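Here the structure comes first, spelled out in structure tokens, and everything after it is commentary.
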Amino acid sequence: MLIRCRGAYVLNPQDTGRVAKLTASLFSNLESQSSLFLLCIHRHLCISENTSSSKMVSLVDEGDKTTKQNVVITDAKSGINMAITVAVTNNPSTTALFTTAAQKPPVVPGGSYITISRKKLLQNLEINGTAARINAWVDSMKASSPTHVKSTPSLSSQDETSWMLQHPSALEMFEQITSASKGKQIVMFLDYDGTLSPIVDDPDRAFMSDSMRATVRKLARYFPTAIVSGRCRDKVYSFVRLAELYYAGSHGMDIKGPSKGAQYKNDAEGVLCQPASEFVPMIDEVYQALLEKTKSTPGAKVEHNKFCISVHFRLVDEKRWSELAQQVRSVLKEYPKLRLTQGRKVLEIRPTIKWDKGKALEFLLESLGYANCTDVFPVYIGDDRTDEDAFKVLRERGQGFGILVSKIPKETNASYYLQEPSEARNFSHTFSVMDFLQRLVRWKRLSLRRQIRVQRQLEELKVSTIEKCLTVE
């Protein structure tokens, strides 16, 4: 049974050894409990003194004013510098590990608590660490793959129904969605891989269909439209080939608006935002190092995305995932200014700057003149963990909504869901992204036609009234 944390938990270790060992020990003890964690990453692991003078490592909320007396520490060898708040199962063997502190945990927008699996939490652990850390990476690599047996446990019909009630199909709720957007400017944000194109084994062959391209072209006629991807912006454009769109590549770290001419130009003109420019030499260096390190692992593919790097392991034998994780770790441990996250069978290496797809969404809205407007209705459609940053921004803004593209129910900040695209030509479009976009285009076209018809009627009425007045005179 999941307990909602009403205070931070304090772990009393036998000694004050390395923080990395302590963290690994904590997760090892909890592994058998299948516990869920209440995630609240703050970037500081604080240490305090109790009355018996023994040191206690306290997992606290750094935003709580009552904890400011704690001292921020960084482990010299591992470089770990973070804090978490956890919620554990009501099990004597588990709760015995903890003593509650007085401070209260933060509540997320909307008043609910965010729960996150142990594997998902471990994906954000630091680069340095022991072999146990590598195992944690592999666990997270498995969890990041929706097609992996262990990562897609079958839900009971009750759980699946509950998820569907909380995240209904965007097509089934289409009328409610368009009603909510009445009188507002819809702005579309679309992920690429897994949203506009199917997930494929070879990332260089993630082509969108001609019908999807035609649909997006029509969409852009009626709404400002942006492609927000982890890919290099130039690579995304080579797939989409629509000059009238905004493109945000490298997880939003490379943004450019629509080009003026019919042909896309790779020059400095029109670039709106590149917040990670100073990291380009470092990214180039790490890319070359990863190419060299991973060449002994069959199936591994390193992709240079200009401001970030992707290490694809979709074609790597699962027995060699640990080997690949070790290779990546051996490179990244020398670059503390880079961080590692995971997507769908891909390891993502990015600068540690506070920038993500959510920030890119906010920047684009500001560029369009909707920074503090109430008459804007952003819609973000995506399938990956990195898209959750954008979903979260929309929830916090209380404007628009996010749509998760997925085959299976999973934890998300999105409000609705759609089925992901398929490689098969004869697949059902019942709840697909293309169906939703096409319906949105048809709805807007009909709305404009109605507006034009009403305007004509008003003009005719006005002319008729004038004519009657002239006749009377």
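The values are calculated or read from the model by the stated rules, or taken from the named source; none is laboratory data. Predicted, not measured: the structure shown is a model, and the values here were computed from it. When we count neighbours, we look across all protein chains shown, and the Cβ atoms used for this are built from the backbone with ideal geometry, even at glycine. Keep in mind that these areas ignore ligands, DNA and RNA; they rest on the heavy atoms of the full protein, side chains included. Shrake-Rupley method; radii C 1.70, N 1.55, O 1.52, S 1.80 Å.
Points worth noting:
- Residue match in segment 317-324 (condition: under 13 Å from residue 288 (Cα atoms) and either surrounded by 22 or more Cβ atoms within 10 Å (Cβ to Cβ) or in contact (Cβ under 8 Å) with a residue 60 or more places away in the chain (or both)): no
- Neighbours by Cβ (under 8 Å, 6+ apart or cross-chain): first from segment 180-191, assigned by the TED database to the domain that holds residue 388; second charged (D, E, K, R) and assigned to a loop (DSSP other than H, G, I, E, B): 183/375; 184/375; 185/375; 191/383; 191/384
- Residues considered: 367, 330. Of these, the only one that is out of contact with any strand residue (DSSP E or B) (no Cβ under 8 Å at 6 or more places or on another chain) and not basic (Lys, Arg) is 330.
- Subset of segment 369-411 that is hydroxyl-bearing (Ser, Thr, Tyr) and more than 23 Å from residue 164 (Cβ to Cβ) - its residue that is most open to solvent (accessible area, probe 1.4 Å): 374
- Tabulated pairs, segment 152-168, first at pLDDT 85 or above, second of a type in the set (Gly, Ala, Ser), C-beta under 8 angstrom, 6+ apart or interchain: 167/414; 167/415
- Test: residue 237 is buried (at least 19 other Cβ atoms within 10 Å of the Cβ) and either in the same structural domain as residue 300 (by the TED database) or of a type outside the set (A, V, I, L, M) (or both): yes
- Taken together, 433, 472, 454 contain a single residue that is under 17 Å from residue 193 (Cα atoms), at pLDDT below 95 and among the hydrophobic types (A, V, I, L, M, F, W, C), which is 433.
- Check on residue 179, polar (S, T, N, Q) and over 30 Å from residue 315 (Cα atoms): yes
- Scanning segment 329-346 for residues that are at pLDDT 95 or above and surrounded by 22 or more Cβ atoms within 10 Å (Cβ to Cβ) returns a single hit, 331.
- Test: residue in segment 260-278 that is at pLDDT 95 or above and more than 22 Å from the chain's Cα centre (by Cα): yes
- Candidate set from segment 301-315 (those that are open to solvent by 10 Å² or more (accessible area, probe 1.4 Å) and farther than 13 Å from residue 287 by Cβ); member that is farthest from the chain's Cα centre (by Cα): 315
- In this structure, residue 388 does not qualify as closer than 14 Å to residue 187 by Cα, assigned to a helix (DSSP H, G or I) and touching a helix residue (DSSP H, G or I) at 6+ places or on another chain (Cβ under 9 Å).
- Residue in segment 344-352 that is in a helix (DSSP H, G or I), out of contact with any Phe, Trp or Tyr (no Cβ under 6 Å at 6 or more places or on another chain) and more than 21 Å from residue 203 (Cβ to Cβ) present: no
- Scanning segment 347-366 for residues that are open to solvent by 30 Å² or more (accessible area, probe 1.4 Å) and among the aliphatic types (A, V, I, L, M) yields a total of 1.
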